[in-house]
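Reviewing the structure listed below.
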Amino acid sequence: MTLTPVLTKRFGTDQPWKIDNYERLDGYTGLRRALAMAPDEVISIVKDSSLRGRGGAGFPTGMKWQFIPQSKPGETPKPHYVVVNADEGEPGTCRDLPLMMNDPHSMIEGIIIACFAVRAQHAFVYIRGEAIHAIRRVTGAVREAYAKGYLGKDVLGSGLDFDITVHGGAGAYICGEETALLDSLEGKRGQPRLKPPFPATNGLYDAPTVVNNVGTLASVPYIILGGAAWYKELGPEGSPGTSIYSLSGRVKNPGQYEAPMGTTLRELLELAGGMSRGKPLKFWTPGGSSTPLFTQDHLDVPLDFDAVAKAGSMNGTSAVMIFDEGDSVVRAVLKWTQFYEHESCGKCTPCREGNYWTAQILERILHGHGTEADLDTLLDTCDNILGRSFCALGDGAVSPIASSIKYFRDDYLALIPGGASVPPALAGATV
Ligand SMILES: Cc1cc2nc3c(=O)[nH]c(=O)nc-3n(C[C@H](O)[C@H](O)[C@H](O)COP(=O)(O)O)c2cc1C
Ligand code: SF4
């Protein structure tokens, strides 16, 4: 298994974030090619490539673009918008920030191509507020793109105008949910909107809007240049292309590893030098803390959208957090649950109240005050959050709890007075 740098091909080169260096390495040639086509032709290429969104849900990008309604003759058209989701708040997820820091122009080029395809003139990049470095880097890159004529009036002589506004969020995980992001961008409190209507028809300022992740849009120039067939061949059927896997935790060399979709954890561990403490792997997340945990038994599951789902989890954001036999699964799950409790926006009861209670029960168990009945209460509470919450934050919050009880029930029992079958010191070990 080797790395397959596509999105990361400029990482490590001389100041890849500068527009002159970007142009030297094929930069903005995809845009020139796209502008010579009809917008629908661009959508067809993205559709044929089967690119799936990198924001977590894996929605087909070409299809999303096609949903943007075109005005009928005689209608006053509403403006269309492209909104870039650069909130990146999922625990363990760390690939949009490195992309924006190293190669902001690939995202910007992808945004302009997307604007052209869906007939939008204005795009907004919503960047997590704490990531001041990324806000500065992207703002600088946008300025360079204006100076070179890739943004502004009559871009590259096309007769079309394109503008990008960089917006710093206030730093709330829920603002990564696309409709909460739109509310936040409009200056309101960031809370999810009822769907339908979907952003494709009623998005930013109630106008047709495409919301895409940073990595999704950064993939577009490569697809326009390399062609749909080339892109499809990079990964398995159904999950084409590469993924930037973010490895963290008990691994020798944590970081971003770009490899074909469908790479297994066994292969990723080889690339990353193996486990860091010499202890065996115990549990891991295939796509961030909102995805059900995997174990040793899942080392050979291809990490792509379909295979991970078949194995009982989700590919999510390819955030692979790795824990070894010295780590406590209960403690890790408590920490994630406290995160969801804190980040719950409070709009719906199952998530607002449920995450409060699951955190309380987990804490009680971890500190040796739990009972076996608490495990049933935990699972019952999870059942009442899952599928009953207003947005996917609630569903994601229960993933680590339910999956950890499924695979590591004995670790919970070991912390419950009278229920031990694993040495309690190990079950409660520090993460
Ligand atoms: C709680 C929550 C947080 C999310 N955070 C992000 C995020 O930080 N970045 C992102 O791209 N998508 C995030 N998403 C997914 C978005 O709602 C949306 O599906 C995505 O931006 C669509 O882009 P894509 O089609 O390019 O994947 C989040 C979803 C939820 C429910
Ligand atoms: S599930 Fe409900 S309370 Fe939780 S973040 Fe979504 S809307 Fe807010």
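The values are calculated or read from the model by the stated rules, or taken from the named source; none is laboratory data. Computed from a prediction, not measured in an experiment: that's the story for all the values here. As a convention, Cβ positions derive from the backbone with ideal geometry for all residues, glycine included, and neighbour counts pool all protein chains shown. Keep in mind that these areas ignore ligands, DNA and RNA; they rest on the heavy atoms of the full protein, side chains included. Shrake-Rupley method; radii C 1.70, N 1.55, O 1.52, S 1.80 Å.
For the stretch 387-401: of the residues being part of a loop (DSSP other than H, G, I, E, B) and surrounded by fewer than 24 Cβ atoms within 10 Å (Cβ to Cβ), which is farthest from ligand 2 (Cβ to nearest atom)? Talk me through it step by step, then tell me what you get.
First, the residues of the stretch 387-401 that are part of a loop (DSSP other than H, G, I, E, B): 387-391.
Okay, now just the ones that are also surrounded by fewer than 24 Cβ atoms within 10 Å (Cβ to Cβ), so 387-388, 390-391.
Numbers: Gly387: 11, Arg388: 9, Phe390: 4, Cys391: 3 Å.
By that ranking, first place goes to Gly387.
I need the full set of residues from the stretch 187-215 which are hydrophobic (A, V, I, L, M, F, W, C) and under 17 Å from His80 (Cα atoms), in order please. Step through it out loud before you land on a result.
Taking the stretch 187-215 first, the residues hydrophobic (A, V, I, L, M, F, W, C) are 194, 198, 200, 204, 207, 210-211, 214.
If the condition is that a residue be hydrophobic (A, V, I, L, M, F, W, C) and under 17 Å from His80 (Cα atoms), then Phe198, Ala200, Leu204, Ala207, Val210, Val211 are the ones that fit.
Taken as a whole, the condition of being under 26 Å from Tyr146 (Cβ atoms), more than 16 Å from ligand 1 (Cβ to nearest atom) and assigned to a loop (DSSP other than H, G, I, E, B) does not apply to Pro69.
Give the residue that is nearest to Gly326 (Cα to Cα), with candidates limited to residues of the stretch 212-243 that are hydrophobic (A, V, I, L, M, F, W, C) and open to solvent by 10 Å² or more (accessible area, probe 1.4 Å).
Filtering the stretch 212-243 for residues hydrophobic (A, V, I, L, M, F, W, C) gives 214, 217-218, 220, 223-225, 228-230, 234.
Cutting the leftovers down to open to solvent by 10 Å² or more (accessible area, probe 1.4 Å) gives us 225, 228-230, 234.
Working: Leu225: 47, Ala228: 45, Ala229: 45, Trp230: 43, Leu234: 37 Å.
Ranking the qualifying residues of the stretch 212-243, first place goes to Leu234.
Answer yes or no: is there a residue in the stretch 197-208 that is crowded, with 24+ Cβ neighbours inside 10 Å, among the hydroxyl-bearing types (Ser, Thr, Tyr) and under 28 Å from His167 (Cα atoms). Looking for residues that are crowded, with 24+ Cβ neighbours inside 10 Å, among the hydroxyl-bearing types (Ser, Thr, Tyr) and under 28 Å from His167 (Cα atoms), one finds none in the stretch 197-208, hence no.
Do we find that Lys188 is modelled with pLDDT of 95 or more, of a type outside the set (Ser, Thr, Tyr), open to solvent by 10 Å² or more (accessible area, probe 1.4 Å) and within 15 Å of ligand 2 (Cβ to nearest atom) in this structure?
yes
Open to solvent by 60 Å² or more (accessible area, probe 1.4 Å), modelled with pLDDT of 95 or more and out of contact with any Lys or Arg (no Cβ under 9 Å at 6 or more places or on another chain), is that true of Ala147? Steps first, please.
Numbers: open to solvent by 60 Å² or more (accessible area, probe 1.4 Å): yes; modelled with pLDDT of 95 or more: yes; out of contact with any Lys or Arg (no Cβ under 9 Å at 6 or more places or on another chain): yes.
So Ala147 passes the test.
Within the stretch 346-383, the set of residues being open to solvent by less than 30 Å² (accessible area, probe 1.4 Å), on the phi < 0 side of the Ramachandran plot and within 11 Å of ligand 2 (Cβ to nearest atom) comprises Cys348, Cys351, Gly354, Asn355.
Restricting Thr8, Thr29, Thr4 to those that are in contact (Cβ under 8 Å) with a residue 40 or more places away in the chain, surrounded by 13 or more Cβ atoms within 10 Å (Cβ to Cβ) and touching a Pro at 6+ places or on another chain (Cβ under 7 Å) reduces the list to Thr4.
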